[in-house]
Structures are given as C-alpha cells and as structure tokens.
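First up is the structure itself, then whatever we jot down about it.
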Amino acid sequence: MTHTLYSFRRCPYAMRARLALASAAQPVELREIVLRDKPPAFLAASPSATVPCLVTSEQVLDESLDIMTWALRRNDPEQWLQMPKSGWDWIARADGPFKRALDRTKYASRYPSEDAAVQRPQAALFLADLDQQIDTWIFAQATIADYAILPFVRQFAFIDKLWFDQQPWPNLQAWLERFLISDRFQGIMQKYPQWQQGDPATPFP
C-alpha cells in the first residue's frame with residue numbers, strides 16, 4: 001500500500017510533516033485538503049479531522065511531530081534526529097505556550113476574552129530566547145527542532161512582518177529568512193489542486 005498524506009499547503013503543522021518527509025525521501029501520495037470542504041475519505045482516516053494525517057499500511061499518524069519522527073526513523077540522511085535532548089524542550093515550548101500566544105495574536109477575534117496586545121509579548125518572550133540560542137541553527141547543525149519550529153515562526157512573523165523585522169532578534173530573523181528562500185521550503189510549498197476521490201495519485205516529494 002502506498003503511504004498517503006492528507007495535507008493543506010499553508011498549515012504549519014502540515015508544512016513540518018512535508019519537510020521531514022522530504023528530508024527523509026519517504027514517498028507518499030499527497031492529497032491536498034480544503035479545510036472547509038473535507039472529503040469523506042479524509043474524515044474516515046483522520047481521528048481528529050485535522051491535517052496532516054499520514055495513512056500507512058500499519059497505522060494512522062494524526063500528529064505532525066509523529067509523522068516527522070516516523071519519516072526520520074526510517075531514513076535520516078541529514079541527521080535531524082541527532083540533537084541534544086533540549087531540542088525536544090524547544091519544540092514543546094513552541095507547540096505549547098508560543099503557539100497558544102500566536103493563535104491569540106493572529107486570530108484575536110476567535111478569543112474575545114483574550115487581549116491580543118498581551119498575547120504578542122508572550123510570544124515574543126519565546127522568540128527572544130530562541131534568538132539567543134540560534135547561531136546558524138538552534139544547535140551546531142540543522143535538526144528536527146529547526147524544522148518543527150520554523151513554520152510557526154514564519155506564521156507569527158507574517159502577522160505583522162514590519163513589526164517582526166524591527167525586533168532585536170538578528171539571529172532568529174536571519175534563520176527564518178534562510179528558510180524562506182531555501183530550495184527545501186520552495187519544494188514543500190508547491191501548489192496542488194484540491195484532492196477529490198478518484199483523482200490520479202500525486203507523488204511527494
């Protein structure tokens with residue numbers, strides 16, 4: 001059975017799944033989902049009805065970090081999993097407090113009881129710490145931590161790019177810019193038509 005990845009191009013969780021699949025050279029059939037028009041096959045496959053969702057012959061992986069580690073444990077030519085234990089702490093901070101503040105800044109209307117003016121500084125605390133950690137990468141070489149976190153830093157930066165670029169985070173800003181202009185990022189951001197049942201398979205990467 002071909003592995004099937006249900007994805008959505010602009011979703012940062014789906015981005016990081018595609019980044020790891022590309023690094024690991026793990027071929028999948030990519031099915032681009034439109035979140036307001038989820039097809040029955042996707043809803044049947046995904047317990048949470050969210051992207052990304054990887055369907056293999058053995059299991060369904062419904063969490064982006066699980067998809068990343070699944071791919072890299074099969075093949076890790078760039079040694080993304082060779083990182084200090086603290087890398088997992090950075091990912092946990094990004095997925096937890098930072099993502100919470102990011103959502104309440106970007107989608108303030110969804111959280112009427114929360115003050116977006118308070119949330120942005122909360123997100124900035126994490127980014128200031130990350131700036132101090134980064135040289136070229138978070139550690140000595142690129143790891144899963146970089147590629148698990150970069151899509152969310154990108155999402156936050158483009159809430160107000162002018163403001164972001166004015167912050168005293170030179171290492172973080174250069175790290176993000178290198179990512180945005182990289183062949184790796186361009187490769188995972190190709191546009192695909194909305195998948196419909198019966199469509200021919202779209203190979204990825």
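Values as computed for the structure displayed
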{"read-out": "For segment 193-205, 3J(HN,Hα) per residue [Karplus equation, 6.51 cos²θ - 1.76 cosθ + 1.60, θ = phi - 60°, Hz, x = Gly/Pro]", "value": "x, 4, 6, 10, 3, x, 5, x, 5, 10, x, 9, x"}
{"read-out": "V51 long-range amide H proximity, modeled H, under 5 Å", "value": "none"}
{"read-out": "Residues of segment 143-182 with amide N under 16 Å of the 7 Å Cα→Cβ point at A128", "value": "164-173"}
{"read-out": "Among Q133, A108, V153 the positive-end extreme of the charge dipole of segment 105-162 (Cβ point charges)", "value": "A108"}
{"read-out": "Check: the chain dipole with +1 on Lys, Arg Cβ and -1 on Asp, Glu Cβ, in debye", "value": "380 debye"}
{"read-out": "Nonlocal amide H pairs with Q167, under 5 Å, H built at 1.01 Å", "value": "none"}
{"read-out": "Mean Cα-pair separation over length for segment 75-205, i.e. relative contact order, pairs under 8 Å, 6 or more apart, %", "value": "25 percent"}
{"read-out": "Built amide H within the under 5 Å cut-off of V28, gap 5+", "value": "F204"}
{"read-out": "From phi via Karplus (6.51, -1.76, 1.60), per-residue ³J(HN,Hα) for segment 58-74 in Hz, x at Gly/Pro", "value": "9, 7, 10, 10, 10, 10, 4, 5, 5, 5, 4, 5, 4, 5, 6, 6, 7"}
{"read-out": "Integer Hz, Karplus 6.51/-1.76/1.60 couplings in order for segment 38-54, x for Gly and Pro", "value": "6, x, x, 4, 5, 4, 6, 7, 9, x, 9, 6, 10, 9, x, 9, 9"}
{"read-out": "Alpha carbon centroid spacing (whole Å) that separates segment 72-93 from segment 101-124", "value": "29 Å"}
{"read-out": "Förster-model FRET efficiency, 22 Å R0, D89 and L43, C-beta, rounded to 0.05", "value": "0.05"}
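Read the figures in this text as sums done on the coordinates, not as results from a lab. Computed from a prediction, not measured in an experiment: that's the story for all the values here. Here Cβ is always computed from backbone atoms with ideal geometry, including for glycine, and neighbour counts include all displayed protein chains.
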